[in-house]
1. Restricting to the stretch 181-197, count the residues that are under 13 Å from the mean Cα position of the chain (by Cα) and open to solvent by 50 Å² or more (accessible area, probe 1.4 Å).
2. I need the full set of residues from the stretch 64-73 which are surrounded by 14 or more Cβ atoms within 10 Å (Cβ to Cβ) and touching a residue at least 40 places away in the same chain (Cβ under 8 Å), in order please.
3. Consider the stretch 164-180. How many of its residues are assigned to a loop (DSSP other than H, G, I, E, B) and surrounded by 14 or more Cβ atoms within 10 Å (Cβ to Cβ)?
4. Kindly evaluate Leu149 against the criterion of being aliphatic (A, V, I, L, M) and part of a loop (DSSP other than H, G, I, E, B).
5. So if I check each of Asp134, Asp203, Asp121, which one is farther than 23 Å from Ala46 by Cα and modelled with pLDDT of 75 or more?
6. Anything in the stretch 70-88 that is hydrophobic (A, V, I, L, M, F, W, C) and over 21 Å from Glu169 (Cβ atoms)? List them, or say none.
7. Scan (1) at pLDDT below 90; (2) outside any strand (DSSP E or B); (3) at negative phi for the single condition Arg157 breaks and write down its number.
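The values are calculated or read from the model by the stated rules, or taken from the named source; none is laboratory data. Only a predicted model underlies this, so the values are computations on that prediction, with no experimental measurement involved. Don't worry about glycine lacking a Cβ; one is built from the backbone with ideal geometry, like all the others, and counts go over all protein chains shown. The protein model used for the area step is the full one, side chains on, heavy atoms only, and it has no ligands, DNA or RNA in it. Shrake-Rupley method; radii C 1.70, N 1.55, O 1.52, S 1.80 Å.
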Amino acid sequence: MDSIWLWPLALVAFLLAWPALRALAARLAADRFPTQALGDAPDRIALVRVGEPRWRNPRPRESAERQLAGAGFVEAGAYTIREMTELTLALYANPADRAYAVLYDHPRSGFWAEFVTRYQDGTLSNYTTLEPMDVDVPEGSVHVAAPELSLVELWKRMLAERPERPMRECSRAAAASDFEHGYAESVAHHRQRSAARNGNESDLQQVA
């Protein structure tokens, strides 16, 4: 299976709660993936690499970079998103441990990070500092939200808990394209699921 499904989860979750993720996280958890939340989200995104990114939260970003370097991650570029110019992100790859890391920075929603390992069967392991919310992942996948942990602690937890099955490779060169592809897969998947749920609800109303 070539699909990488629901990565990047953090960016899709961010769009679900745009523009104030932290203020809306609790409400979104109770109202699972409303169709209107993704109504204005682009189907695809394009990363634009920047040499001097505008980091609005420099201290947590600098701390995260040090922790990632110590964990064996290599920098794969800082980017803005053409369709969401206020959002800055940085990609990192750990080819030996088959994982990507992503740092996100936004003027209103702050700073957060995630790790992802993709498996050859289409599932994934995703560990994030994002606040917990209801996330739709493929059966057999692992999603953990632990905002109270440092990146070092979160990475150690991921290594200890993620399933040991054949993993997909990752690299600095492929990080940006994998991210763009994963975003498109995520939005398409959520829209299909929303349409299916709405169709089922409509059928039930007609029966009633």
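1. Taking the stretch 181-197 and keeping what is under 13 Å from the mean Cα position of the chain (by Cα), we get 181-187.
After this cut, where a residue has to be open to solvent by 50 Å² or more (accessible area, probe 1.4 Å) as well, the list is 181, 185.
So the count comes out to 2.
2. As a first pass, look at the stretch 64-73 and keep what is surrounded by 14 or more Cβ atoms within 10 Å (Cβ to Cβ): 64-65, 67-68, 71-73.
Ala64, Gln67, Leu68, Ala71 - these are the residues of the stretch 64-73 that are surrounded by 14 or more Cβ atoms within 10 Å (Cβ to Cβ) and touching a residue at least 40 places away in the same chain (Cβ under 8 Å).
3. Count: 4.
4. yes
5. Values: Asp134 fails: modelled with pLDDT of 75 or more; Asp203 fails: modelled with pLDDT of 75 or more.
The conditions single out Asp121.
6. Within the stretch 70-88, Ala78, Ile81, Met84, Leu87 qualify.
7. Tallying (1) at pLDDT below 90; (2) outside any strand (DSSP E or B); (3) at negative phi, Arg157 fails exactly one: (1).
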